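Undergrad: I am attaching a structure below and will ask some questions about it afterwards.
The values are calculated or read from the model by the stated rules, or taken from the named source; none is laboratory data. All of these numbers come straight from a predicted model, not from anything done at the bench. Cβ sites come from the backbone with ideal geometry, for glycine too, and all protein chains shown count toward neighbours.
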Amino acid sequence: MSADSPVIDALCRLLETGDEADRCYAARALGSAGDPAAVPPLLERLRDEDIDVCVDAAEALGRIGSAEAVPALVESLSNDPSGEVCTAITQALGRIGGSEAAGALRRVAEERPAEIEWNDDWDTWWDVQREAVIALGRFRDPAAVPALIRILEDETQQDIESEIVTALARIPEGGVSYLIDRLGDTGRLPQHRRRAAQALAGAGTESEAVTRALGQALKDPAPEVRAAAVRALAQQGARRYLRALLLLLRDPDAEVREAALSAVIQLDRNLGNGADSELLALADDPDSRVRASLFNLLLSSGGTLSLTEEMREKVEASLDDAHAETAAAACALLGHSGDPQAVPALLSLLGDRQRHPMVRREAALGIGRLGATGNDVLDTLSRAVTDPEQAIRLAALSALMMLDASAETRAAQAEAGDGARTPLQIVVTAMQGEIEIGDGEDGGTGPETET
């Protein structure tokens, strides 16, 4: 018992004398308190008649983190029939650490305890094994590498390849070199090489061998492996592979092109080193997903984007894309381009009630951002204020407010005189309920004012 805390003493007594719910709550509270004085009574509860109490006791011991608990936890791990309890014990040992805990986790990762139960068609040891693998990776223990490799290579084992390769990637001595070999072995299945690349992305940027292996994987015959290598190099910030990534913008596989696009922009925010011409080529990529990724990534750079005339024309071509996400991204990009030449295309799209509301919404907002005014702009936005789709109405009102606040609009109003129609007047008329919402059957004939 604790000589310093009557609260800990009271919780320990409740842990022994309370009902099932009391014992669970007491165990959790003791774990949160983190007082090593609670370890002996918590160890007693590992053999509680109620499984929930056993689980809560094991979790509490893990949170306290005292090595004093390890021998009893290891014994329970070998003998307790409950997979749920053994899983909690495994997690606790993973938090406490130490050589004795690591040895027990290596054993339970490879060998199924004889006492552990099945739950219908599910072997509860599989949950224990998975947690043991994760913990061994956290320990970065070279002694665990042979066991992890044996589990990975054993085709009779459950599919926890992702967890195993992630654990190996965290072990510099032996684990990383094994994954490098696995990545370069084209005799293995592509999914195995892909997962090796994904795991190596988290192996740290200080390993020259890892970066070099990922660079070699850019030439892998399987597209999924090339794409994984691209993402891994971007995650590692490997700018020296930027030129190779630019070449992959022309890869025959759409997934690789999309991954390369994201990597190039991530590694070179200023889009220098010849990236401009390569990105221009992607603006009319045959795959809609690639174009959508390009537009969204350009948008993510923030601010006003300067598009060449050729790029603007290619982006405008995507306004007619059958995929709403791509067309909407094109609208948004044009709206942020600052180029008033994009306005006619956006006006035409906004006025077409057959198009997807998401696309028309972005068209309306783009018109507002571009700041161009004129009768064609105000007429189209006035009609959009009466649109049956609420999203379009709100976007049109937002666009009108953006136009009213722009310097270009104020200059045009001053030149036209007091009698000119203004964006704000249209908004006020709509807010006063003097514009009727259409039923969508007239094709957009203009707002009707109540008399």
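Undergrad: Within region 12-29, is there a residue that is under 30 Å from ARG140 (Cβ atoms) and surrounded by fewer than 20 Cβ atoms within 10 Å (Cβ to Cβ)?
TA: Within region 12-29 (the criterion being under 30 Å from ARG140 (Cβ atoms) and surrounded by fewer than 20 Cβ atoms within 10 Å (Cβ to Cβ)), the answer is yes, since at least one residue qualifies.
Undergrad: I'd like to verify a number: residues in region 62-89 that are among the hydroxyl-bearing types (Ser, Thr, Tyr), more than 11 Å from GLU131 (Cβ to Cβ) and not in a loop (DSSP other than H, G, I, E, B), how many? So that I can check it myself, show each step before the final result.
TA: Residues of region 62-89 that are among the hydroxyl-bearing types (Ser, Thr, Tyr), as a first pass: 66, 76, 78, 82, 87.
From what is left, the residues that are more than 11 Å from GLU131 (Cβ to Cβ) are 66, 76, 78, 82.
From the residues that got through so far, the ones that are not in a loop (DSSP other than H, G, I, E, B) too are 76, 78.
Number satisfying all stated conditions: 2.
Undergrad: So, in region 56-90, exactly how many residues are under 37 Å from the mean Cα position of the chain (by Cα) and at negative phi? Step through it out loud before you land on a result.
TA: Filtering region 56-90 for residues under 37 Å from the mean Cα position of the chain (by Cα) gives 56-67, 70, 73-74, 77, 82-90.
Subset that is at negative phi: 56-64, 66-67, 70, 73-74, 77, 82-90.
Total satisfying the criteria: 24.
Undergrad: Check region 266-288 and report whether any residue there is under 30 Å from PRO388 (Cβ atoms), part of a helix (DSSP H, G or I) and modelled with pLDDT of 90 or more.
TA: Going residue by residue through region 266-288, those that are under 30 Å from PRO388 (Cβ atoms) are 288.
Narrowing the set further to residues that are part of a helix (DSSP H, G or I) leaves 288.
Those left that are additionally modelled with pLDDT of 90 or more: 288.
Yes, there is a match, as at least one residue in region 266-288 is under 30 Å from PRO388 (Cβ atoms), part of a helix (DSSP H, G or I) and modelled with pLDDT of 90 or more.
Undergrad: Quick check on region 429-448. Is at least one of its residues at pLDDT 85 or above and within 17 Å of ARG361 (Cα to Cα)?
TA: Just the residues of region 429-448 that are at pLDDT 85 or above, to begin with: none.
Scanning region 429-448 turns up no residue that is at pLDDT 85 or above and within 17 Å of ARG361 (Cα to Cα).
Undergrad: While we're on this one: State yes or no: is GLU278 surrounded by fewer than 23 Cβ atoms within 10 Å (Cβ to Cβ) and of a type outside the set (Ser, Thr, Tyr)?
TA: For GLU278, the condition - surrounded by fewer than 23 Cβ atoms within 10 Å (Cβ to Cβ) and of a type outside the set (Ser, Thr, Tyr) - is met.
Undergrad: Further question on the same structure: It is to be established whether one or more residues within region 110-124 are in a helix (DSSP H, G or I) and of a type in the set (A, V, I, L, M, F, W, C). Don't jump to the end; show me each part of the working.
TA: Filtering region 110-124 down to residues in a helix (DSSP H, G or I) leaves 110.
Restricting the remaining residues to those that are of a type in the set (A, V, I, L, M, F, W, C) gives none.
No, every residue in region 110-124 fails to be in a helix (DSSP H, G or I) and of a type in the set (A, V, I, L, M, F, W, C).
Undergrad: Next question, about the same structure. Exactly one of these conditions fails for PRO344: (1) under 27 Å from THR373 (Cβ atoms); (2) modelled with pLDDT under 90; (3) in a helix (DSSP H, G or I). Give me its number.
TA: With respect to (1) under 27 Å from THR373 (Cβ atoms); (2) modelled with pLDDT under 90; (3) in a helix (DSSP H, G or I), PRO344 is out only on (2).
Undergrad: Write out, first by first residue and then by second, each pair whose Cβ atoms fall under 8 Å of each other, whose residues are 6+ apart or on separate chains, and whose first residue, in region 322-350, is of a type in the set (Asp, Glu) while the second is modelled with pLDDT under 95 and crowded, with 24+ Cβ neighbours inside 10 Å.
TA: Pairs that qualify, where the first residue is of a type in the set (Asp, Glu) and the partner is modelled with pLDDT under 95 and crowded, with 24+ Cβ neighbours inside 10 Å, are ASP339/LEU370.
Undergrad: Of all residues in region 348-364 being surrounded by fewer than 22 Cβ atoms within 10 Å (Cβ to Cβ) and part of a helix (DSSP H, G or I), which is farthest from the chain's Cα centre (by Cα)?
TA: If we take residues in region 348-364 being surrounded by fewer than 22 Cβ atoms within 10 Å (Cβ to Cβ) and part of a helix (DSSP H, G or I), then SER348 is farthest from the chain's Cα centre (by Cα).
Undergrad: Given (1) more than 27 Å from the chain's Cα centre (by Cα); (2) under 17 Å from VAL176 (Cβ atoms), identify the lone condition not met by ILE151.
TA: Unmet for ILE151, out of (1) more than 27 Å from the chain's Cα centre (by Cα); (2) under 17 Å from VAL176 (Cβ atoms): (2).
Undergrad: Follow-up. Being buried (at least 18 other Cβ atoms within 10 Å of the Cβ), farther than 16 Å from GLN91 by Cα and touching a helix residue (DSSP H, G or I) at 6+ places or on another chain (Cβ under 8 Å) narrows it down to one residue among ALA58, ALA37; which is it?
TA: ALA37
Undergrad: Right, another one. If you go through region 315-337, how many residues are among the β-branched types (Val, Ile, Thr) and over 21 Å from MET402 (Cβ atoms)? Lay out the reasoning, then the answer.
TA: Of the residues in region 315-337, the ones among the β-branched types (Val, Ile, Thr) are 315, 326.
Cutting the leftovers down to over 21 Å from MET402 (Cβ atoms) gives us 326.
Total meeting the criteria: 1.
Undergrad: Take the residues in region 79-107 that are over 14 Å from ASP56 (Cα atoms) and polar (S, T, N, Q), then tell me which one is surrounded by the fewest Cβ atoms within 10 Å (Cβ to Cβ).
TA: Checking each candidate, the answer is SER99.
Let's see how each residue does on (1) out of contact with any Leu (no Cβ under 8 Å at 6 or more places or on another chain); (2) farther than 22 Å from ILE392 by Cβ; (3) not hydrophobic (A, V, I, L, M, F, W, C):
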position	(1), (2), (3)
SER288	yes, yes, yes
LEU294	no, yes, no
LEU299	no, no, no
LEU307	no, yes, no
VAL315	no, no, no
LEU319	no, no, no
ALA328	yes, no, no
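Undergrad: I've got another one for you. When you go through ALA92, ALA38 one by one, which is the residue that is touching a Leu at 6+ places or on another chain (Cβ under 6 Å), within 26 Å of ILE151 (Cβ to Cβ), free of Cβ contacts under 8 Å to residues at least 60 places away in the same chain and assigned to a helix (DSSP H, G or I)?
TA: Within the list ALA92, ALA38, the selection yields ALA92.
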